Amino acid sequence: MTVCRDCCCGNALKHPAIDHDAQLDRLREVLAPAHRVRTSQCLDVCAEANVMVVHPTPAARRQGAAPVWFGLVLSDAVENDLVTWVHAGGPGVAEVPPMLELSVIPAPGR
Ligand code: FES
């Protein structure tokens, strides 16, 4: 998973009610060791901060699965749904649950 952390995502000035460091720590803790969580510089969809991208497993990618982008990941509910979906297999393996589907955003350039 890629977690955007730059000018807007992870910025306490933009979303002061969110403990962004704690969010990142939680994701790393609950997804390890099966899934790696890395941070990125701005992914060019700042209006959707906090942005996260879930990448397919190599096997799923070989079957044509693509990364899925999520925006406005600002609540425990969305974060928990995201984690559950990643544990279920993520892109190309598990359907995105309907509630989580509301947080899916198009990848830039699509
Ligand atoms: S800082 Fe995350 S999209 Fe710009």
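Side notes on the structure shown:
- Placing one equal scatterer on every Cα of the chain and applying the Debye formula, the log10 ratio I(q)/I(0) at q = 0.23 Å⁻¹ is -1.43.
- Between the helical axis of 76-88 and the longest alpha-carbon principal axis of the chain there is an angle of about 20 degrees.
- Residue-averaged 222 nm ellipticity for the chain, from DSSP H runs of 4+ at -39500 (n - 2.57), nearest 500: -8500 deg cm²/dmol
- DSSP bridge pairs, the chain: antiparallel proportion in percent, nearest 5: 70
- On Cα atoms only, tilt of 20-31 relative to the major axis of the chain in degrees: 20
- Cα-centre dipole for region 2-105 with unit charges at Cβ (Lys and Arg positive, Asp and Glu negative), debye to 20: 420
Just so you know, all these numbers are worked out from the coordinates, no wet-lab data involved. Values in this document were obtained by computation on a predicted structure and should not be read as measured data. Cβ atoms come from the backbone with ideal geometry, glycine included; neighbour counts cover every protein chain shown.
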